[in-house]
Amino acid sequence: MTATEIEIALVNHWIGGRPAESKSGRRGIVWNPATGEPRAHVAFASPAEVDAAVANAAAAFPAWRATPLSRRAETMFKFRELVDANRRKLATILTMEHGKTIADAMGEVARGLENIEFACGVPALLKGGFSEQCSRGVDVYQIRQPLGVVAGITPFNFPAMVPMWMFANAIVCGNAFILKPSEKDPSASLYMAELLQQAGVPDGIFNVVQGDRTAVDRLIEHPDVKAISFVGSTPVARAIYESATRNGKRCQALGGAKNHMLVLPDADISMAADAAVSAAYGSAGERCMAISLVVTVGDVADPLIEAIQARMKNVKVGPGLEPGNEMGPLITREHRDRVAGYVANAGAEGATVVVDGRRDPVSRGPGFFLGASLIDNVRPGMDCYNDEIFGPVLGVVRAGSYAEALQMINENPYGNGTAIFTRDGGAARQFQFDVDTGMVGINVPIPVPVAYYSFGGWKTSLFGDLNMYGPEGVQFYTKSKVVTSRWPDPGTSKVDLGFPQVR
Ligand code: NAD
């Protein structure tokens, strides 16, 4: 059986352009969340296996770096065509290991493709600057060059899109890339490796090491790895940023989120309810841009809750591969139980459980399903407010005023995304001006920037200076060099020990 087939026994590494069988003796289980059964094993790389991937990448880098920009872009374009032609297959792999519905998985692939498309045009973005005649006969210009071997560590919730956020720009800028995917849904990484190879990406330029913290630690410590991109939970993001920068590496580490959706009294209730249900329960709430809290101002709470409840009744929960289902299972049994624990505890904390997803019959099946929950009267300080639950649980916070709501959002340690629902352009503009988050939606609940902008939160949702993908992604994966040049004109040459200045 090859790694591209969906029924696989052991998910291995991909090093130097071929599957690499793990010899570490360590492995984990990949579950099918819809059935609750083990689907495959995944190899856990040893430090020596990481070293082998880095050595392959380092060996492949010089030739790739010297490859003309148009050729690199052409390769990415071929990859784009291959992903486009195989959207369904890639989406099926995602659904089988992550659990998200096939429609949602197709959406993930589509958003990943945007990043590939952006990378196809990256030669234009690599254009530097040129200043003629900075001094007599002296020109100054800036160029951007790749870093070398770079690594990306990705979360379980977007096993194709988040790696594409990273490797599309990294590779087209001339780097060699090592991906350490989530051990919970690792197969998409191997399928993408095969497609990249078919597209003409040279062996060693894209490698995959499967595994856990051991692999990550070695990537961070390895002297030949020049940059670390990370997406995952905040505690891990913080630790990775600290250790990567301590090891002298460039690092962007994107963390978790608690995204508030502010609903002003003049909002269209129907539109706000549609948005809240879609953004809270889509992908079973396992999105870093999911709306997990609705903050109401004035007397909008009761009609909004009524409208949300009416819509929740129609959300079809079931296996992601079955057509018509809108919400799949959670990633693991432990995670499902952890999420259910927040619902169980909410009443004791003083909140009101309006809809208890644990009572949904789907929650009793062998798969890792949990029905959608709605909790009213949530307040800062409660666990269901403070923690990133990362499941199908929507909290409603009743704020007395816009000022109170804004203060709550700005005091939250996370600052990934937020949204405002209103018909008042002035209020929306004021919110955009005031709010301390990196991505803002105005009557748009999940404001994930298109690929030609860059993605990143504020506060504990991102550690590092540069956001991911888009123009900042290009900046992250290249370093700037400034050249000051003069071509000899013997007539003007003389010894001058003074500090160089414009003449
Ligand atoms: P996670 O932090 O558990 O794991 C992310 C990656 O880090 C995985 O590859 C994992 O193997 C590795 N890892 C886990 N623990 C580690 C450790 N101690 N040392 C080194 N590596 C470690 O996150 P997850 O559960 O896979 O993903 C969900 C989280 O990711 C949520 O918090 C979500 O908000 C966040 N997320 C953020 C964004 C964003 O753009 N900000 C996007 C997607 C997901």
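The values are calculated or read from the model by the stated rules, or taken from the named source; none is laboratory data. The model shown is predicted, which means the values in this text are computed figures rather than measured ones. Cβ placement follows ideal geometry from the backbone for every residue including glycine, while neighbour counts extend to all protein chains displayed. Keep in mind that these areas ignore ligands, DNA and RNA; they rest on the heavy atoms of the full protein, side chains included. Shrake-Rupley method; radii C 1.70, N 1.55, O 1.52, S 1.80 Å.
Brief remarks follow.
- Leading residue by the ranking (farthest from the ligand (Cβ to nearest atom)) among those in the stretch 364-408 that are part of a helix (DSSP H, G or I) and either surrounded by 20 or more Cβ atoms within 10 Å (Cβ to Cβ) or basic (K, R) (or both): Y402
- Check on T75, open to solvent by 10 Å² or more (accessible area, probe 1.4 Å) and part of a loop (DSSP other than H, G, I, E, B): no
- Flag if A34 is at pLDDT 95 or above, buried (at least 19 other Cβ atoms within 10 Å of the Cβ) and either touching a strand residue (DSSP E or B) at 6+ places or on another chain (Cβ under 7 Å) or in a strand (DSSP E or B) (or both): no
- Residue within the stretch 42-53 that is in a strand (DSSP E or B) and either in the same structural domain as G204 (by TED's automatic domain parsing) or open to solvent by less than 30 Å² (accessible area, probe 1.4 Å) (or both) present: yes
- In the stretch 244-256, the residues that are within 6 Å of the ligand (Cβ to nearest atom) and either part of a strand (DSSP E or B) or surrounded by fewer than 21 Cβ atoms within 10 Å (Cβ to Cβ) (or both): L254
- Reported count of residues in the stretch 183-213, each being within 16 Å of the ligand (Cβ to nearest atom) and either without any contact (Cβ under 8 Å) to a residue 12 or more places away in the chain or in contact with an Asp or Glu (Cβ under 9 Å, 6 or more places away or on another chain) (or both), is 11.
- Given (1) free of Cβ contacts under 8 Å to residues at least 60 places away in the same chain; (2) polar (S, T, N, Q); (3) open to solvent by less than 40 Å² (accessible area, probe 1.4 Å), index of the condition T332 fails: (1)
- Considering the conditions (1) open to solvent by 10 Å² or more (accessible area, probe 1.4 Å); (2) under 25 Å from E97 (Cβ atoms); (3) out of contact with any His (no Cβ under 9 Å at 6 or more places or on another chain), Y241 is excluded by exactly one of them, (2).
- Residue match in the stretch 257-264 (condition: assigned by TED's automatic domain parsing to the domain that holds V343 and open to solvent by 10 Å² or more (accessible area, probe 1.4 Å)): yes
- For I240, the test of being near the ligand (Cβ under 9 Å from one of its atoms), closer than 29 Å to S22 by Cα and touching a Phe, Trp or Tyr at 6+ places or on another chain (Cβ under 8 Å) is passed.
- If you go through the stretch 447-501 and keep only what is at pLDDT below 95 and surrounded by 12 or more Cβ atoms within 10 Å (Cβ to Cβ), you end up with just R486.
- Residue list for the stretch 450-498, filter: small (G, A, S) and not in a strand (DSSP E or B): A451, S454, G456, G457, S461, G464, G470, G473, G491, S493, G498
- When P323, P235 are screened for being modelled with pLDDT under 95 and either within 16 Å of the ligand (Cβ to nearest atom) or not in a helix (DSSP H, G or I) (or both), only P323 passes.
- Residue count for the stretch 268-294, restricted to those that are outside any helix (DSSP H, G or I) and out of contact with any Lys or Arg (no Cβ under 7 Å at 6 or more places or on another chain): 7
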